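**Q** Below: one structure in C-alpha cells.
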Amino acid sequence: MTEHHADTKLVHGARAPTKSHGFVNPKLVRGSTVLYQNCAQRREIGKKRLEQEQIYGLYGTETHFALEDMVASIEGGTHCQIVSSGLAAITVPLLAYLKSGDHVLVPDSIYGPTRRFCDTTLRRFGVTTTYYDPLLNEADLAQHIQPNTKVVFVESPGSHTFEVQDVPMIARVAHRHGAKVFMDNTWGIHIFQPFRHGVDVSIQALTKYVGGHSDLVLGSITVNTEDDWEWLRTGALDLGQYASPDDCWLALRGARTLGVRLAHQERSALTIAQWLATRPEISRVLHPALPSCPGHAEWQRDFTGASGLFGIVFQPDVTYEAVAAMVDALALFGIGASWGGYESLALPTSFTVTRSEGTGRFGGEMLRLQIGLEHPDDLIADLTQGLTVLRSQTRTACASPPCLADEMTDLYRADQLK
C-alpha cells in the first residue's frame, strides 16, 4: 500500500474512496439512542466498547470515528479518542493512567491549565507532581525520576516560552524507568511525529489548527498500542467524555485545508520572526526555527516544519505599559488567548508565565504572536506602527512611587528567581 504525504492524507483520509458514488464529505450523524434488531445483537455489540461501534451516543458516531481516524493517521498512531476540549485531552489520560501514590514529571514551561490541574485536582487525588527544567540533560532528568514515577509529560515547544525539548532522550529515560511519555503536540500537529520519537500518548487541541476557524472547542488523544488504547478508552468512557458531532464535522472540514493553511502560516511567521529579530526594541525572538530559541537544534533534528505561533522578548528598558500600548494600537492583530485560527493575535505573556525551577528568565517583557492568513507585508506594516507607539512610551510615564504595572513586573521577576 502506498504511503502518502501528510497533505494527501488530510484530503483523502476518513472519506469514502474517490470513485464511490456519494457526497465528498462524510455525513454528520447526531444521536444518543441506538436501536438494535434483537437482544442478541445488542449483547454482542455491547462488548465492543474499544471498537468503533455505534453502541450509544457517548461511545461515538460515524462522525466521531471519521475524525478519530483522520487524527490517528496524521499523528502516525493506531487509535484516537476525541474529547470535548484541548484541556480535556490533557486531563483525561492523566486521570486514566495515574492513581493515588503515583508521581508525574512535568516541564516547567507547561501550559498554565495543565499546571493548575496538577497542583489542584491531581494533588487532591494523592498524585504528586515535580516540575523540571524543559532543557535538562539526560543525567539530570534521570535524577528527577522516582520509584513511583508513572508519567513524564512533555510540551514541545512550550506554548508561551517555546523551549523545544529533547523528546527522544526524555522517552529513553522514562521508558528505562517504566514510565509513560505524554506529549502536548498541538504546536507540532503533523510536523512532529510523536510515536517515531518514543511518545506513548499524544495530545492535541483540535480547537487550534485542525479547526482552523476559531469556531469550535475540541481535543484528541492518540496512542499507538492496544494496551494504551484500553487504558485511554476506558478512562474516557468512565469520565463521560463526549464531543459534539457538529464540532467533529467542522474539525473534519478544517482538516482538509490544514496543509495549505499551515504552510502559509509557517512561511509568514518565519518572515515576520526574522524581521522582528532585526528590530532594536527586541532582544530575542523565540521561534524554534531561529537559533535564538532554546532547543533550536532539537527542532532542526526532529521537526519537518514550524507552525505560526512564536514569542518575542523586548529589551530590558521596555515596560509592560509600553507593550500594552503597542498591542492596543495594532489594527490587524486581535488580543486573544487561543491560536491556530485564520486570524492573527497578539498577547502579552509575562504575567501568564509561572516558573518554579528557576527557568524561563528571559530578561524583558514578553509578547506572543499568532500569525494568521493575512499577507505578511500587511502584518509587518501593522507591527511597525505598533513599535512606533511602543517607543513613544517611557518609564517616566509612571510617577513615583512605581505604578502598579511596574510592581507586578517586579513581583513576577522575583518569582522567577525563587
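Rule-based calculations on the coordinates, nothing more; no lab input. What you are looking at is a predicted structure, and each value in this text was computed from that prediction instead of being measured. Reconstructed Cβ throughout: ideal geometry from the backbone, glycine too, with neighbour counts over all protein chains shown.
**Q** Could you work out the Kirkwood radius for the chain, taking every pair of different alpha carbons, averaging 1/r and inverting it, reported in Å?
**A** Its Kirkwood hydrodynamic radius stands at 22.6 Å.
**Q** Would you count, across the chain, every pair of lysines whose alpha carbons are under 25 angstrom apart, provided the pair is eight or more residues apart or spans two chains?
**A** 9
**Q** Moving to a separate point now. Apply the Karplus curve 6.51 cos²θ - 1.76 cosθ + 1.60, θ = phi - 60°, to the phi angles in segment 99-104 and return the couplings in whole Hz, x for Gly and Pro.
**A** Along segment 99-104, the couplings run 9, 4, x, 7, 10, 10 Hz.
**Q** If you don't mind, there's one more thing I want to ask. Would you mind putting 187-193, 361-367 in packing order, based on average other-beta-carbon counts within 10 Å, highest first?
**A** Top to bottom by mean Cβ count within 10 Å: 187-193, 361-367.
**Q** Skipping prolines and chain starts, which residues have an amide H placed within reach, meaning under 5 Å, of the one on TYR132, given they are 5 or more residues away or on another chain?
**A** For TYR132, whose amide H was placed from the backbone, the distant partners under 5 Å are VAL106, ASP108.
**Q** Say R0 is 22 Å: what FRET efficiency, to the nearest 0.05, do THR234 and ASP119 get from their beta-carbon distance?
**A** After rounding to 0.05, the efficiency reads 0.30.
**Q** Continuing with the same structure: Count the DSSP beta bridges whose two residues both fall in the chain, then state the antiparallel fraction as a percent rounded to the nearest 5.
**A** 55
**Q** Now, a different point. Which order do the peptides 53-64, 324-335 take when ranked by the mean count of other beta-carbon atoms within 10 Å per residue, highest first?
**A** Ranking the peptides 53-64, 324-335 by packing returns 53-64, 324-335.
**Q** Enumerate the amide H contacts of GLN315 below 5 Å, restricted to partners 5 or more residues apart or on another chain; note that Pro and chain-start residues carry no placed amide H.
**A** It is ILE282, SER283, by chain and number.
**Q** I'd like to know which of GLN315, LEU141, THR120 lies farthest towards the positive end of the charge dipole of the chain, counting +1 on Cβ of Lys and Arg and -1 on Cβ of Asp and Glu.
**A** THR120
**Q** Put +1 on the Cβ of every Lys and Arg and -1 on every Asp and Glu Cβ in the chain; which of HIS287, VAL151, ALA72 then has its Cα farthest towards the positive end of the dipole?
**A** The residue sitting most towards the positive pole is ALA72.
**Q** I'd like the Karplus ³J(HN,Hα) series for segment 114-125: coefficients 6.51, -1.76, 1.60, θ = phi - 60°, whole numbers in Hz, and an x wherever there's a Gly or Pro.
**A** Per-residue couplings from phi come out as 5, 4, 4, 4, 5, 7, 10, 5, 4, 4, 4, 8 Hz.
**Q** Label points 7 Å out from Cα along the Cβ direction at CYS39 and ALA337: separation in nm?
**A** In this crude spin-label approximation the distance works out to 5.1 nm.
**Q** With springs only between Cα atoms under 10 Å, which of ARG115, ARG172, ARG124 fluctuates most in a Gaussian network model of the chain?
**A** Of ARG115, ARG172, ARG124, the Gaussian network model singles out ARG124 as fluctuating most.
**Q** For segment 38-186, list log₁₀ I(q)/I(0) at each q in 0.09, 0.18 Å⁻¹, using the Debye formula over Cα point scatterers of equal strength and ignoring solvent, two decimals each.
**A** Computed log10 I(q)/I(0) values: -0.35, -1.09.
**Q** Take the alpha carbon atoms of segment 109-170, find their center, do the same for segment 346-379, and report the distance between the two centers in whole angstrom.
**A** Computed from Cα coordinates, the inter-centre distance equals 21 Å.
**Q** Translational diffusion coefficient of segment 259-360 at 25 °C, 0.890 mPa s, Stokes-Einstein with Kirkwood Rh over Cα pairs, in µm²/s as a whole number.
**A** D = 164 µm²/s.
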